[in-house]
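For reference, the structure is listed below as C-alpha cells.
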Amino acid sequence: MASIEVRNLVKQYPGAAAPTIRNADLVFNDKEFIVLVGPSGCGKSTLLRMIAGLEDITSGDLLIDNQRVNEVSPKDRDISMVFQNYALYPHMSVYDNMAFGLQLRKVPKDEIDKKVKNAARILGIEHLLDRKPKDMSGGQRQRVAIGRSIVREPKVFLFDEPLSNLDAKLRVQMRTEIKRLHRQLDATMVYVTHDQIEAMTMGDRIVIMKDGIIQQFDTPMNLFNDPINKFVAGFIGSPSMNFLEGEIIRENGLLGFKSKNVLFGIPDPHQAKLAGHVGKAVTFGFRPEYVYDKAVEFTRHLSQDVDITIDVVEPIGSESFNYFHFNGNPEPTFCFRTSTNTLYKPGQVITIGTDIERLRFFDESGERIA
Ligand code: ADP
Ligand code: MG
C-alpha cells in the first residue's frame with residue numbers, strides 16, 4: 001500500500017530561533033507500525049503534520065510510495081489523521097460522524113453504509129451508531145474518531161497522541177486495539193506519543209527524537225539493548241537505566257571504573273573499547289534488569305563485587321523494585337528489580353554484580369563508547 005520516505009527534511013517555523021526538524025532521514029516500509037517518540041516539544045507533531053501535508057516543508061523531500069508529494073495537498077495524499085482531541089461533531093450521531101467525510105466526497109449512500117457498518121464492527125461500536133458523542137465515554141469517542149479514519153480506507157494512518165486523554169487502564173486497552181486494527185487493516189501507521197511504554201509496546205520500529213533531531217530509529221529490543229547514546233538509554237526502559245558518573249582508570253595495566261568509593265575492574269569485552277578513555281570522565285550505565293545479588297546468582301558472568309545498601313523496596317506483586325545506594329557513595333539512588341521470591345529490607349547490605357555483557361559506557365558528550 002504505502003511506504004513513506006523523508007529525505008533531509010527540515011522544518012523552520014517563521015520567527016523561530018532554530019529549526020524544529022533538523023535534517024530528518026527516514027524510510028518507513030509499507031504496512032509498518034512506526035512510532036515517533038520523544039519529550040514534549042521535540043517536534044513529533046510537526047513531523048507528522050508534514051507527512052499529512054498540514055505543515056509546509058522548509059526543505060528536503062517527502063515521498064509516499066516513491067512519489068514526491070511535497071506540494072501535494074493533504075486531501076490528495078490518501079492519508080488520514082487521528083488527533084488527541086478527536087473533534088467529533090457534537091450534534092451528529094456516531095453514524096453521521098463517520099459517514100460525513102464520505103458524504104462530502106459524494107460516495108454512494110449504500111457504499112457509505114457498508115463502510116460505516118464495517119468500521120463499527122471492527123471497533124466494536126455497532127451498538128452506538130445512533131448515539132451522540134456527548135453520551136459516550138472517552139474511549140468510545142476515540143473509537144469513533146478512529147472509525148472516521150477507517151471508512152476512508154487511506155493508504156496511511158497517522159495518529160497524534162490519540163490516547164492521551166484516556167485514563168491509564170483504558171489507554172492500555174486501546175493500544176492493544178490499535179495494534180489489532182493495524183493487523184486487520186494491513187495499513188502503514190505512524191503513531192506519535194511521548195510515552196516510551198506506549199512506543200515500545202506498539203511500534204514495529206521506533207523513531208526517538210530530541211530537540212528536532214532523530215536520535216535513533218530501530219526496533220524496540222534494539223533500542224533497549226543497543227542505545228546509541230545516553231539519552232536513548234535513559235529514555236527507553238522502566239525503571240530507567242541507572243547512571244553513575246566516574247572515570248576510567250588504569251591500574252597494573254588493567255582498566256577500571258572509579259566513582260568516589262565505587263571501584264571495579266572493566267570486564268574483558270569492554271577493555272579494548274575503553275582504552276582510549278583512560279583518565280576521562282565517563283558515565284557508567286546499567287539497567288535494573290541486569291543487577292544480581294551475588295549471594296543468589298552463581299551461574300551468570302557478573303562484574304566484580306560491589307557492596308550496596310537497600311534504601312526502599314517497592315513490591316508490585318510480580319516483582320520488586322529495590323532502590324539502593326553504593327556503600328561509600330550515598331548520593332544518588334539506583335534501582336534493580338528482583339522477583340518477589342527475594343524480599344529485601346531497607347538498610348540491608350548486599351553484594352551485587354551486573355551482567356558484564358550488559359554494562360554500558362557513555363562519554364562526556366553522551367555518545368555510547370562501550
Ligand atoms: P511535540 O509534538 O514533540 O510536542 P511539536 O512538533 O508540537 O512538538 O513542536 C516542536 C517545537 O516547534 C516546539 O518548540 C513548538 O513550540 C514549536 N512549534 C510548533 N508549532 C509551531 C508553530 N505553528 N509556530 C512556531 N513554532 C511552533
Ligand atoms: Mg505533539
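Evaluate the distance, in nm, between pseudo-label points positioned 7 Å from the Cα of Ile316 and of Glu364 along their respective Cα→Cβ axes.
3.6 nm
Order the following by accessible area, largest value first: Lys106, Lys155, Lys260. Probe radius 1.4 Å; ligands, DNA and RNA are ignored. Please list the in-between numbers first.
Numbers: Lys106 165, Lys155 55, Lys260 115 Å².
Most to least solvent-accessible, the answer reads Lys106, Lys260, Lys155.
How big is segment 243-362 by Rg and Dmax over its Cα atoms, in Å?
Just the Cα atoms of segment 243-362 yield Rg and Dmax of 14.5, 46 Å.
As an exercise, use a Förster radius of 22 Å and the Cβ-Cβ distance of Leu54 and Leu170 to find the FRET efficiency, rounded to the nearest 0.05.
Values: r = 27 Å, r/R0 = 1.24.
With a Förster radius of 22 Å, E is 0.20.
Just the Cα atoms of segment 98-235, one point each, no solvent: what log10 I(q)/I(0) does Debye give at q = 0.10, 0.17, 0.21, 0.22 Å⁻¹?
-0.41, -0.96, -1.28, -1.36
With a 1.4 Å probe and all protein chains kept in place, how do Ile228, Ile356, Ile122 rank by accessible area, largest first? Show your work: numbers first, answer last.
Values: Ile228 80, Ile356 5, Ile122 40 Å².
The residues order as Ile228, Ile122, Ile356, largest area first.
With all protein chains present, how much of the accessible area of segment 4-235 (probe radius 1.4 Å) comes from carbon and sulfur, to the nearest whole percent?
Numbers: 5110 of 10640 Å².
Here it works out to 48 percent.
Explain nothing, just the number: dipole magnitude of segment 53-101 about its Cα centre with +1 on each Lys and Arg Cβ and -1 on each Asp and Glu Cβ, in debye rounded to the nearest 20. Intermediate results must be reported in sequence, preceding the final value.
On the way: 3 positive and 8 negative charges, 29 e Å.
I would put it at about 140 debye.
Give the accessible surface of the chain per residue, rounded to a whole number of Å², with probe radius 1.4 Å and ligands, DNA and RNA excluded. If you can, show how the numbers build up before the last one.
Working: 17300 Å² over 370 residues.
Heavy-atom accessible area per residue stands at 47 Å².
What is the spread of the Cα atoms of segment 32-77 along each of their three principal axes, largest first, in whole Å?
30, 25, 20
Can you tell me what the convex hull of the Cα atoms of segment 4-235 projects to on average, as an area in nm²?
Details: hull surface 52.5 nm².
Mean orientational projected area (segment 4-235, Cα hull): 13.1 nm².
Dividing the Cα radius of gyration by the Kirkwood radius, what Rg/Rh value follows for segment 149-203?
Details: Rg = 11.1 Å, Rh = 11.7 Å.
So for segment 149-203, dividing Rg by the Kirkwood Rh gives 0.95.
Pick from Arg105, Arg287, Arg175: which is most flexible by mean-square fluctuation in a GNM of the chain where alpha carbon atoms under 10 Å apart are linked?
Of Arg105, Arg287, Arg175, the Gaussian network model singles out Arg105 as fluctuating most.
Taking segment 268-309 on its own, what percent of its Cα-Cα pair distances exceed 13 Å? Mind dumping the intermediate values first?
Details: 592 of 861 pairs.
Here the long-distance tail beyond 13 Å is 69 percent of all Cα pairs in segment 268-309.
Using the C-alpha atoms of segment 1-112, what convex hull volume per residue, in cubic angstrom, is computed?
Numbers: hull volume 16.7 nm³, N = 112.
Convex hull volume per residue, Cα atoms: 149 Å³.
List the residues of segment 264-285 whose backbone N lies under 13 Å from a point placed 7 Å from the Cα of Asp226 along the Cα-to-Cβ direction.
none
If you roll a 1.4 Å probe over segment 236-286 with all protein chains in place, what percent of the accessible area is carbon or sulfur? Spell out each step's value before the answer.
Working: 1190 of 2340 Å².
Within segment 236-286, the accessible surface is 51 percent carbon and sulfur.
The values are calculated or read from the model by the stated rules, or taken from the named source; none is laboratory data. This one's a predicted model, so the numbers in the text were calculated from it and none came from an experiment. Glycine gets a Cβ as well: all are built from the backbone with ideal geometry, and neighbour counts include every protein chain shown. With ligands, DNA and RNA removed, areas are computed over all heavy atoms of the protein, side chains included. Shrake-Rupley method; radii C 1.70, N 1.55, O 1.52, S 1.80 Å.
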